[in-house]
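Peer 1: Sending over a structure as structure tokens; questions will come in a sec.
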Amino acid sequence: MKNEEFIQKLSQEPRKNKIESSRKRFFKWFLSLIFCFLAGFSFLGIREEWRIVFKDPQLLMQNILLILIVISASFSALVLSSPGSERKKSLKFFVLTPVFLWGVLLLFSFHQSPIAGNGYGCLQDILLFSTIPAILLFLVVKKGATILRSFSGFLILIASTSAGAWALQFTCHNDGFAHLLVWHFIPVATLGALGSFLGKKILRKI
Amino acid sequence: MAYQLFLKGIQEKIIPLIRKNLKASLQDDCLQESLMGVHRSFHTLNTKKNIKSWVNSIVYYKIKDQLRSFYKNNNNRDAFFEDSLPSEINNLHDNNALEGFLKKLNKKEEKILRMCKIEGYKISEVAKKTQLSESNIKLICFRAIKKLQAIALQEDFL
């Protein structure tokens, strides 16, 4: 087919409606995340001594880093759903730095409480808190046109599982750093890696 | 109609990019794929931002995709490299003057060019034998051919 004919054919095909700005989509997703948390907390309940998360300096640091990861990863995934934005190298820096710092924080605090204990419940809770936000974020990102599909998938799962890990602080009674490393951080990192595989499968090629 | 004009404008902009990066047999496919990509991603175009980077992103992605599938199908990177050489130099080894021209190159260039173009070794094999990287071999080969071309032109052989 000649290029002229091809262009004519393309111009007759229906076009998708313009997508909203990344900021608008982010706020909508964030709102749904809060609803998911409220539903999760009402189902699982909150631990009695939840205030320690804001009092202990290391736990507070973890708290802040998790919020940073959720915001930077989800916003970056939404920004990346428009071609051209993947050229911004700073995007990777903004997401990977807090993840790295969270890992370093847990690794350096490891000696304070080196027994990880059993944490299958934590794994279940992370999945409970993060499944719906992950699906919603995948749907929102899918509406765009992502070039870095694998990295976007990683960002989506890192954002939603980190959100799950943040909520988990209020339901999990074990604040030991070995436990946090093995049953909170490693599942988040592993699911993030799984996200890069899912991203390639779920997000369509442009 | 306006959209058709927009696509035509995009086509004019991306043709040089594709020509620069792909060999002739892949260019048409890549152009149509790129236009399709532009059409599919049109809803993400932000007119307040730079449209050039938006288009370039799509086109470079499609160029990479074309090259990836080309290598996958041919399973031979050298084929792409050898095809892109000027045909007059590829045929020069039939000419008796070649030996004289080769002597005018430096030893390293002569050795590598002989192995790649006369003795028929693959780029990867030459890289192994000379302990240089494949990209380095290609670069040396490319430069040696350019020199040969210049020498042959000087001597009125081309």
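Computed from the coordinates by the stated procedures, all read-outs in this text should not be read as laboratory data. Note that this is a predicted model, so its numbers are computed, not measured. Positions of Cβ are backbone-derived with ideal geometry, glycine not excepted, and every protein chain shown enters the neighbour counts.
Peer 1: Rounded to the nearest 500 deg cm²/dmol, what is the calculated helix-only ellipticity per residue at 222 nm for chain A, with -39500 (n - 2.57) per DSSP H run of length n ≥ 4?
Peer 2: -23000 deg cm²/dmol
Peer 1: While we're on this one: Would you mind getting me the FRET efficiency between B:Lys48 and B:Glu134? Use the beta-carbon distance for r and R0 = 41 Å, nearest 0.05.
Peer 2: FRET efficiency, B:Lys48 to B:Glu134: 0.40.
Peer 1: Mind checking the dipole of the stretch A:52-202: about its Cα centre, +1 per Lys or Arg Cβ, -1 per Asp or Glu Cβ, Debye to the nearest 20?
Peer 2: 760 debye
Peer 1: Quick one: which residues, 5+ away or cross-chain, put their amide H under 5 Å from the amide H of A:Lys16? H built at 1.01 Å from N.
Peer 2: Those lying under 5 Å, H to H, from A:Lys16 are B:His43.
Peer 1: Work out the mean other chain Cβ neighbour count within 10 Å for the residues of B:34-43 and drop it here as an integer.
Peer 2: 6
Peer 1: Tell me which DSSP H helices of chain A clear both cut-offs, 24 Å or more of axial length from alpha-carbon atoms and a mean Kyte-Doolittle hydropathy of at least 1.6.
Peer 2: Qualifying helices, which must be both long enough and hydrophobic enough, are A:57-79, A:90-109, A:120-142.
Peer 1: Given the options A:Pro14, A:Pro57, A:Pro98, state which has the largest fluctuation in a GNM of chain A using a 10 Å cut-off (strictly under) for Cα springs.
Peer 2: A:Pro14
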